[in-house]
Amino acid sequence: MPLQKSGLVNTEGTTGPVNVHGHDSRIPSPKVPLALVLFGSPGSGKGTQSKLLVRELGIPQISTGDMLREHVRKGNAVGTKVEAKLKAGILVKDEVVNALVEKRLAQPDAANGFILDGYPRTRAQAEMLCSMLSGRGIHEVVLHLVVDYNVIIARLTGRRQCPVCGTLYNENSKPPKVPGVCDLDGAKLVVREDDREEVIRQRLEAYEKQTRPLLDYFREKGESLYEIDASHETPEQVFRQIEALIRKQ
Ligand code: ADP
């Protein structure tokens, strides 16, 4: 379906301005399509900010973690290959993830820009992204969500998710109205398998060793790279900074 000039499309698939606040969207369409790379440690809020961006900009969220979990759920060849890695909090092989992203970016809804959540995570992935974007007229913008380590730990250990609609809650900072139950559909909330403590440790280590060094790569390449203070209590406070940056693109 073609997008309106405003570039906005709501979740029902009909065009028109939509946003989290139920009034006209505040972010005008950027001049050039953007590849918004949400970069940060596990628990830095990439998924939450992605969802706000989807609603404000009408471009799709491409989450490699969600895509991989979906393959595991389906039990297909990719799922079988990656299941153990996800459970252990170890990065999946670059060629597997790169192939998934390449296929996803070829879909028509990615032509007007997209949000990358959890990709790239290694240098090989960053180089692949660069080659996938070259010649497509899409401007890459890296948003580094910076969060204090103790806040990260509190967020990850308290995280609960609705298995039906995917809404995230946190026992400490964003509890559901009824403990253990999704506000939206009443489903019983679950702890993501890789949110167990020893797996959290492994995911944070993978981030420090394999992913954080990409910041130097982005700097060397002269990529648009912005630091966002993402330690704030509410996602909206973080989002306001992102919104201001996008307005400048
Ligand atoms: P988080 O950022 O909180 O760790 P994700 O949902 O992004 O959560 O990732 C969950 C898991 O999926 C990772 O621990 C890893 O096993 C796998 N994964 C996701 N994205 C990638 C990627 N770009 N490269 C390799 N593995 C990935």
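Structure summary
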item: Longest site-free stretch - the chain; sites: trypsin sites (Lys or Arg not before Pro), DSSP loop, at most 15 other Cβ within 10 Å; result: 32-92
item: Whether segment 57-159 is rounded, prolate or oblate, judged on the alpha carbon gyration tensor where a/c under 1.5 counts as rounded; result: oblate
item: For segment 188-239, accessible area per residue (1.4 Å probe, heavy atoms of protein chains only), Å²; result: 60
item: Per-residue HN-Hα couplings for segment 28-40 [Karplus 6.51, -1.76, 1.60; θ = phi - 60°; Hz; x = Gly/Pro]; result: x, 4, x, 5, 10, x, 10, 9, 8, 8, 8, 10, x
item: Distant-in-sequence amide H partners of ARG192 (H built 1.01 Å from N, under 5 Å); result: GLN161
item: Accessible area in the full protein assembly, largest first, 1.4 Å probe, for GLU197, GLU233; result: GLU233, GLU197
item: Dipole in debye (nearest 20) - segment 182-224, about Cα centre, beta carbon charges: Lys, Arg +1; Asp, Glu -1; result: 140
item: Within segment 18-155: Cβ-based charge dipole about Cα centre, in debye rounded to nearest 20 (Lys, Arg +1; Asp, Glu -1); result: 300
item: Within the accessible area of the chain (1.4 Å probe), percent carbon and sulfur; result: 54
item: Computed E for SER131/LYS87 - FRET, C-beta separation, R0 30 angstrom, nearest 0.05; result: 0.45
item: Placed amide H near THR167: partners under 5 Å, 5+ positions off or other chain; result: CYS162
item: Top of CYS165, CYS182, CYS130 by mean-square fluctuation, Gaussian network on the chain, Cα under 10 Å; result: CYS165
item: Under the span-like rule (Cα at least 24 Å along the axis, Kyte-Doolittle mean at least 0.0), DSSP H helices of the chain; result: none
item: Amide H contacts of GLN61 (H built 1.01 Å from N, under 5 Å, at least 5 apart or other chain); result: ILE115
item: Anisotropy class of segment 106-249 from Cα gyration tensor, a/c 1.5 cut; result: prolate
item: Order of exposure, largest accessible area first, which applies to VAL199, VAL146 with probe 1.4 Å; result: VAL146, VAL199
item: GNM top mover of ASP229, ASP194, ASP185 - the chain, alpha-carbon springs below 10 Å; result: ASP185
item: Anisotropy class of the chain from Cα gyration tensor, a/c 1.5 cut; result: rounded
item: Mean ellipticity per residue at 222 nm, deg cm²/dmol - from DSSP H runs of n ≥ 4 across the chain, formula -39500 (n - 2.57); result: -12000 deg cm²/dmol
item: Length-normalised contact order of the chain in % [C-alpha pairs under 8 Å, at least 6 apart]; result: 25
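The values are calculated or read from the model by the stated rules, or taken from the named source; none is laboratory data. Worth saying up front: this structure is predicted, and the values here are computed from it rather than measured. A quick note on method: Cβ atoms are made from the backbone with ideal geometry, for glycine too, and the neighbour counts reach across all protein chains shown. The protein model used for the area step is the full one, side chains on, heavy atoms only, and it has no ligands, DNA or RNA in it. Shrake-Rupley method; radii C 1.70, N 1.55, O 1.52, S 1.80 Å.
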